[in-house]
Every structure is written in C-alpha cells, then in structure tokens.
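Read the structure below first, then the notes.
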Amino acid sequence: MGKKLKIGIVGCGAIGTSLAKTIYKDFKGQAVLSGFYDIDPEKSARLSKVIVRKDLLIAGSLKKLITNSDLVIESASAKSSWDIAGQALRSGRDILIMSVGGVINHYKELSILAKKYNAKVYIPSGAISGVDALKAAGISGIKSVTLTTIKNPVSFKGVRYVEDKKIDLSKIKKDTVLFSGSAKEAVNFFPQNINVAAILSLAGIGQVKTKIKIIASPSVTRNVHQIAIDSNGGTISCRTENVLHPDNPKTSFLAFLSAVAMLKNILSPVRIGT
Ligand SMILES: NC(=O)c1ccc[n+]([C@@H]2O[C@H](COP(=O)([O-])OP(=O)(O)OC[C@H]3O[C@@H](n4cnc5c(N)ncnc54)[C@H](O)[C@@H]3O)[C@@H](O)[C@H]2O)c1
C-alpha cells in the first residue's frame, strides 16, 4: 500500500464539514486528515471533536495546516480563496478550490505558481453539469456558452441588483428575466451565482464571452442551472435541478458531491470522464 495522501481543510462550514466526514469514513484507505483551519477557531475545534472526538486536528494557523498537508481543500470564502491557494502552491502543496469566484481573475497566476512549485490545482464542477462535455467540445472550438439560472423569486430577496432595479419580487407571477449579460457582469450583480459562472467560464470560453441569463420563476422550488453549448463538436444542453445542502441553504449539495467525486479521481488509478 502506498503512502496516504494528507488532506487539510480550510473553512469548516457546510462543505468543509461534509468533506471531512466523507474523507474520514470513505477514503481512510488512501487518505488521512491532517488538520482543519477556520478563521472562527470554534468551528475548527468543533469539527475536530466531531471527527476524532479530540482537539487533535485543530491547525493553529493556515501556515501550519499547509505545512502538514499534501493537498489543501479550500472551502472558506471567495474573499480568501486566492490567498489560500497562493500560499498552498508556494509551499508546493496541491490545492482544491471550492470558492472559484475568488480565483477567476487569477487563473494565469495559479497556473504559473502550480508549474513553478510542481503542484496541482483542482477545481471541481460544483453545482452544474456539463463541464465534462464543455471541456471536450472546447478541443473542437466553441461558438457559444449560455448559462440560464432559474430560481424561485424568494431566492432573490436581498439581492442588491434586484433592489436597485426596484423589482417587486412578490408581484412576479410568471417567468421573468432579471438579468442577461456576460459572466463578468453577472458575478458582480449576482454574487451567489459567482461560483457556477466562474467554473463555466474557466472550463469554456472565458467570462467575457460566456453568457448568463437569470430568471425568477414562481414554478420552480429548486435552483436550476441550464447550460447550452454550441461547438464544432456538436450542440450540448443540460439542466441541473439542485437539492440544497442541509447545513447551508445557499450551497447546493451537488457542489459538495462534486468535490468528493474529484477526490475519488485524485485517489483512484482509474479515471472516468474528461
Ligand atoms: N464551487 C461551487 O459550485 C460552490 C458551491 C457552493 C459553495 N461554494 C463555495 O464554497 C465555500 C464554502 O461553502 P460553505 O457552504 O461550506 O460555506 P459556509 O459559510 O458554510 O462555510 C465557510 C466557512 O469558512 C470559514 N472561513 C471564511 N473565511 C475564511 C478564511 N479566510 N480562512 C479560514 N476559514 C474561513 C467560515 O468561518 C465558515 O466556517 C464558499 O465560498 C461558497 O461560495 C462553491
């Protein structure tokens, strides 16, 4: 049996906690948890207690966590993901990034750092389907990529764009387009869409050319992401209806599952899918 991969987690919220439980339970043959770090020390302490019933896995600092890990999982925030990724890569550690919106403008630097320090950057598909086909189609040349996000009007409560436009959500009785524009604009106006827009842009034709449409629909109860791709390899369309994470209604459960699937890929000798 080879050496176990030491995995450290930064950000012990819904995704970090779910990943820690899964790694401890399902990957124990191939991986070992090296520590948890959260800006809120109570959260890393609580997670350590949940996993090993002791304080053993609390990393006192981000630096310590990175030093003790082969792979760092960032599940913290878009504000901090670029800094965390940069620190991990400069230490020659691999990084798996969940808060993709925070690194979208640093993609080139991530690649340069990874190459320089012989480390890897992993970005799971997150809450959308179709990234595998988009990557394959990209080899042939892509003409257009459009993401249509459909949510119940109540999901847009408190969104500044909606407030600024004085849209009365309670009056929406049929499908209503709230926004149509580039991914670059969308991430500014709809920060809760930031990760899916970022992943799609990185996997495809970039944030200026990727188009985003946001629809408020009283007929949906789940957050829906529809993707339409026109490429020289064919036309592709897919729809994801997301179940919410039980511990964070802003996070899709599929985002956590996609990170587990990526870990499986990293740890497995056989890889299926693009
Ligand atoms: N890729 C995707 O499709 C996708 C989908 C959902 C969520 N996300 C992102 O994943 C991240 C985690 O999501 P979640 O639902 O677990 O959020 P959460 O709010 O439940 O947990 C985040 C945790 O990170 C901690 N944290 C914040 N900044 C930190 C920092 N600088 N250093 C250490 N810890 C820090 C917080 O204290 C909190 O405990 C978020 O940024 C979210 O936007 C990505």
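Over the stretch 131-242, what is the relative contact order in whole percent, taking alpha-carbon pairs under 8 Å and six or more residues apart?
43
Apply the Karplus curve 6.51 cos²θ - 1.76 cosθ + 1.60, θ = phi - 60°, to the phi angles in the stretch 227-234 and return the couplings in whole Hz, x for Gly and Pro.
10, 10, 10, 10, 9, 6, x, x
I'd like to know which of PRO191, ILE150, SER219 lies farthest towards the positive end of the charge dipole of the stretch 131-242, counting +1 on Cβ of Lys and Arg and -1 on Cβ of Asp and Glu.
Projecting each Cα onto the dipole axis, the largest value belongs to SER219.
By the scheme Lys and Arg +1, Asp and Glu -1, what is the net charge of all other residues having a beta-carbon under 14 Å from that of PHE253?
Net of charged neighbours comes to +1.
Cα convex hull of the chain: how many Å³ per residue?
For the chain, the hull spanned by Cα atoms encloses 133 Å³ per residue.
Using the heavy atoms of the protein chains and a 1.4 angstrom probe, tell me the accessible area per residue for the stretch 173-263 in square angstrom.
Accessible surface, normalised per residue, equals 49 Å².
Taking +1 at the Cβ of each Lys and Arg and -1 at the Cβ of each Asp and Glu, which of ALA136, GLY2, GLY234 sits farthest along the dipole of the chain towards its positive end, judged by Cα position relative to the Cα centre?
GLY2
Using a 1.4 angstrom probe on the protein heavy atoms only, line up PHE253, PHE179 by accessible area, largest first.
Output order, biggest surface exposure first: PHE253, PHE179.
List the relative contact order of the chain as a percent without decimals, with contacts defined as Cα pairs under 8 Å and 6+ residues apart. Don't skip to the end; give the middle numbers.
Details: 542 pairs, mean separation 48.9, N = 274.
Worked out over the chain, it gives 18 percent.
Once you charge only the Cβ atoms, +1 for Lys and Arg and -1 for Asp and Glu, what is the size of the charge dipole of the stretch 131-242 about its Cα centre, to the nearest 20 debye?
Here the size comes out at about 240 debye.
In the full protein assembly as shown, how much of SER258 is accessible to a 1.4 Å probe, in Å² to the nearest 10?
About 20 Å², ignoring ligands and nucleic acids.
Specify the inter-centroid distance of the stretch 87-133 and the stretch 161-216, based on alpha-carbon positions, in whole Å.
Comparing the Cα centres of the stretch 87-133 and the stretch 161-216, I get a distance of 23 Å.
With Cβ to Cβ distances under 11 Å as the rule, what net charge do the other residues near VAL32 carry (K, R +1; D, E -1)?
Once all neighbours under 11 Å are counted, the net charge is +3.
To the nearest 20 Debye, how big is the dipole of the chain about its Cα centre, given +1 on the beta carbon of each Lys and Arg and -1 on that of each Asp and Glu? Spell out each step's value before the answer.
Working: 39 positive and 19 negative charges, 55 e Å.
So the magnitude is around 260 debye.
Of all the accessible heavy-atom surface of the chain, with the other protein chains kept in place and a 1.4 Å probe, what percent is carbon and sulfur?
The computed percentage sits at 53.
Rounded to whole Hz and in sequence order, give me ³J(HN,Hα) for the stretch 220-225 from the Karplus expression 6.51 cos²θ - 1.76 cosθ + 1.60, θ = phi - 60°, writing x for Gly and Pro.
Each residue of the stretch 220-225 in turn: 9, 10, 9, 7, 10, 10 Hz.
Per the helix-only calculation at 222 nm, which mean residue ellipticity applies to the chain, given -39500 (n - 2.57) for every DSSP H run of n ≥ 4 and division by its residues, nearest 500 deg cm²/dmol?
-10500 deg cm²/dmol
The values are calculated or read from the model by the stated rules, or taken from the named source; none is laboratory data. From a predicted model like this one, the values you see are computed outputs, not experimental measurements. Don't worry about glycine lacking a Cβ; one is built from the backbone with ideal geometry, like all the others, and counts go over all protein chains shown. What goes into the accessible areas is simple: the full protein's heavy atoms, side chains included, and nothing from ligands, DNA or RNA. Shrake-Rupley method; radii C 1.70, N 1.55, O 1.52, S 1.80 Å.
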